[in-house]
1. Given the conditions (1) surrounded by fewer than 17 Cβ atoms within 10 Å (Cβ to Cβ); (2) assigned to a helix (DSSP H, G or I), and given that residue A:192 satisfies all but one, which numbered condition is not satisfied?
2. State all residues of the stretch A:515-531 that are in a helix (DSSP H, G or I), in contact with a helix residue (DSSP H, G or I) (Cβ under 7 Å, 6 or more places away or on another chain) and farther than 23 Å from residue A:405 by Cα; if no residue qualifies, say none.
3. Within the stretch A:336-349, which residues are over 19 Å from residue A:222 (Cα atoms) and crowded, with 20+ Cβ neighbours inside 10 Å?
4. Give me a count of the residues in the stretch A:261-283 that are assigned to a loop (DSSP other than H, G, I, E, B) and surrounded by fewer than 19 Cβ atoms within 10 Å (Cβ to Cβ).
5. So is residue B:16 surrounded by fewer than 21 Cβ atoms within 10 Å (Cβ to Cβ), more than 8 Å from chain A (Cβ to nearest Cβ), in contact with a strand residue (DSSP E or B) (Cβ under 9 Å, 6 or more places away or on another chain) and over 21 Å from residue A:172 (Cβ atoms) or not?
6. So, in the stretch B:63-77, of the ones that are out of contact with any helix residue (DSSP H, G or I) (no Cβ under 9 Å at 6 or more places or on another chain) and part of a strand (DSSP E or B), which residue ends up surrounded by the most Cβ atoms within 10 Å (Cβ to Cβ)?
7. Which number in (1) away from chain B (no Cβ under 14 Å); (2) more than 21 Å from residue A:108 (Cα to Cα); (3) without any contact (Cβ under 8 Å) to a residue 24 or more places away in the chain marks the one condition that residue A:135 misses?
8. Being in contact (Cβ under 8 Å) with a residue 40 or more places away in the chain and more than 17 Å from residue A:486 (Cα to Cα) is the filter; apply it to the stretch A:555-576 and report the residue that is surrounded by the most Cβ atoms within 10 Å (Cβ to Cβ).
């Protein structure tokens, strides 16, 4: 009786794609090691039974060297070996390195079957593997699969019951590699292929000069596309929908409603010159949907489109090589670029993925830097929306301030925290070109996640604010905080409401600044402060979970101190 | 036989790992990735200013931090 099925394999062999195929549960997959840092679970129907399937983070060996690997290995020991099946997923294009884990699993007595994944890729590269022979040598079922297209998955499911543990003597490290060498010689046949354009590009992107040029081009083009796609969606889709259809309908409703009562205030908000103004009315049916769907969502779509593309192609680890130098000065190493880039989408997955870093020290530095200096897409979209009309100078200015902050903070943390920054040892995946439907699926999954999380919070945020404003509760708070907000930062005292709401969601917070009629300088300071001050509630909870209470408090204290210093400095020194 | 570190070793050249300096932890991490004494590797690139070294071993491409690359000694004639 099988109680659980575990998927295990080296990093970046496509475990999460196989997992999605087996369970129907969509899991994020990318072309770099360490996409899965959390344990994902789903169910597979096998005859009449419903068996839990667990997708483990990638590991090179059963002797773990990172916390994600440790999690994978310790989970394997949860159930007695005769009650589980381990599906070992291997990358057919790199069988040799993958077999280490396989031999260890067999030696440890796990009932396993092998899924030789990416079989189509192997064929492209002129690699053929004699499946029957491999099965004969190892004595376990072997199924060639191509999870991206679904080939071989049915056969894999059929053969799950054949998995049995076999006896095999335990080998020493070097003997194991020698044994693998012998196996490879018997089962793998290489056909010589000329260097393809793909390989030339792969090579060029890790060399110093050509690599830097490529990186500059990739970053510039990505940024341009994110803006272009985001703006196009706003101008061609969302704005016409809001202004040509939604607004007239709402205004008709407002006209019949007439009353100025509490509910009108709550849902529609204030009329500006007798009309609804999506940016200023501040109602649950006016400003709330406009912020989320009209200002933020278009950029969420364009950002995740580009990020997903870069992830799946496999460019990000190459960027990590080029940035290793700089990041070392901040107490991190090159691979920290992955959590940072994810953090630009949303700080939550960014901080979660800092688990790919080895030490607690690095994870503390990375999480703190992300929550202070890396603005998420909703925040950035609002900064563009508000400051964009004053020209690129101000938008660029916010980024410049954040960038300088990240460098300074990292440098300081690296010098005062005990310990050192470890070196990275990173596998660089080949470039792959994902089928379009995989890309669309991933984009859909991420956008859905964003909407499920954002929409309720935005509605609640606007509701709470409206109730507080209507009953004039906020006057007390604004009065109390006036010395700091007005005295130090030069903002009107009402801005404290926006800064405080930043704890719920940053986009709503900036939305609250819109009706205040701020000057460019005030907008600049408020937007910068919202970026660096307190993280939103969701980020806060993740920080707590990942860092523990003590480090959370340290990190938070730093945010408050940094906000006060930066806000005051901007107000009195830089933007006089 | 003469030994030099992977950092000093010439780019685009192939050589055998002669020795790995450093502790058990480094040994194990490298061993898990298939880098051990006697293994043949090709150096693909080195990002200057104490940047990482990129090597090819079997079918894998690996990037190693500068300090780690300094600890891997390569046999030369």
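1. (2)
2. A:516
3. Matches in the stretch A:336-349: A:336, A:347, A:348.
4. The number of residues fulfilling the criteria is 8.
5. no
6. B:74
7. (2)
8. A:555
The values are calculated or read from the model by the stated rules, or taken from the named source; none is laboratory data. Remember, predicted model here, so these are calculated numbers, not experimental data. Please note: Cβ atoms are built from the backbone with ideal geometry, for glycine as well, and neighbour counts cover all protein chains shown.
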